[in-house]
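The values are calculated or read from the model by the stated rules, or taken from the named source; none is laboratory data. Quick caveat: nothing in here was measured; it's all calculated off a predicted structure. Backbone-built Cβ (ideal geometry, glycine too); neighbour counts: all protein chains shown.
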Amino acid sequence: MQKTFNTKLESGVITGSEHPETTNSPYAALVEFYQAFNNQNLDIMTRNWNNSDEASMSNPLGGIKRGWNEIENVYRKIFNGTAQVYVEYYDYTLFQTDNMFCTAGRERGFFLSNNNKIELAIRTSRIYRYNNNRWQQIHHHGSIDNPELLAQYQLAVSKK
């Protein structure tokens with residue numbers, strides 16, 4: 001039986017400013033996501049996600065969103081809001097098959113609104129599927145472990 005599942009522990013940091021050697025790798029798809037997020041670029045974010053009803057996202061602020069239309073609205077609010085949000089991905093493991101990959105790791109960064117800066121620490125997983133000759137995100141899950149940080153973040157976002 002041929003091995004079609006690979007696991008790789010990564011020690012680097014992804015900010016979205018990297019320049020991958022290939023544009024069609026799992027690493028490049030992750031760089032593209034963080035490039036879209038940290039530059040508030042909805043066009044790139046739309047390209048990164050699978051724009052179907054199958055897509056889902058679970059995060060500490062928006063709960064569970066199903067389908068690209070609901071997910072897009074979350075990013076639209078973040079990108080069009082007055083707060084600055086920045087995250088980078090690190091300490092992650094990549095699990096890959098021929099047509100799907102999953103990554104689990106950590107995000108760190110900040111949320112800044114009205115001179116109120118909150119340092120973020122988020123556990124994150126993302127699932128991508130190979131579709132239309134490119135990797136497209138099909139699921140994202142993010143969790144904040146620290147209950148005080150979560151409450152502080154939720155309160156700050158609700159005041160925007």
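Selection of strands (runs of 3 or more DSSP E) fully inside segment 1-101 by the criterion of at least 1 residues being among the aromatic types (Phe, Trp, Tyr) and at pLDDT 95 or above returns 84-96. In this structure, GLY81 does not qualify as surrounded by fewer than 19 Cβ atoms within 10 Å (Cβ to Cβ), on the phi > 0 side of the Ramachandran plot, among the small types (Gly, Ala, Ser) and out of contact with any Asp or Glu (no Cβ under 9 Å at 6 or more places or on another chain). Go through segment 124-160 and give me each residue that's within 17 Å of ALA28 (Cα to Cα), of a type in the set (Gly, Ala, Ser) and in contact with a helix residue (DSSP H, G or I) (Cβ under 9 Å, 6 or more places away or on another chain). Hits for segment 124-160: nothing passes. Among residues of segment 52-71 that are under 24 Å from PRO147 (Cβ atoms), those with a beta-carbon under 9 Å from a residue that is modelled with pLDDT under 95 and in a loop (DSSP other than H, G, I, E, B) at least six positions away or on a different chain give the pairs PRO60/ILE144. Only one entry of SER125, SER143 meets the criterion of being modelled with pLDDT under 95, within 12 Å of the chain's Cα centre (by Cα) and not β-branched (Val, Ile, Thr), and that entry is SER143.
Among the listed residues THR82, THR46, identify the single one that is without any contact (Cβ under 8 Å) to a residue 40 or more places away in the chain, over 16 Å from GLY142 (Cβ atoms) and among the β-branched types (Val, Ile, Thr).
Going through THR82, THR46 in turn, just one is without any contact (Cβ under 8 Å) to a residue 40 or more places away in the chain, over 16 Å from GLY142 (Cβ atoms) and among the β-branched types (Val, Ile, Thr): THR46.
Quick check: anything in segment 149-159 part of a strand (DSSP E or B) and either surrounded by 17 or more Cβ atoms within 10 Å (Cβ to Cβ) or touching a Lys or Arg at 6+ places or on another chain (Cβ under 7 Å) (or both)? Checked against the condition, which is being part of a strand (DSSP E or B) and either surrounded by 17 or more Cβ atoms within 10 Å (Cβ to Cβ) or touching a Lys or Arg at 6+ places or on another chain (Cβ under 7 Å) (or both), segment 149-159 yields no hits at all. Counting only residues that are within 15 Å of SER125 (Cβ to Cβ) and surrounded by fewer than 16 Cβ atoms within 10 Å (Cβ to Cβ), how many does segment 27-58 have? Selection size over segment 27-58: 1. The combined condition, being without any contact (Cβ under 8 Å) to a residue 40 or more places away in the chain and either under 13 Å from the mean Cα position of the chain (by Cα) or more than 27 Å from ASN24 (Cα to Cα) (or both), is fulfilled by ASN115.
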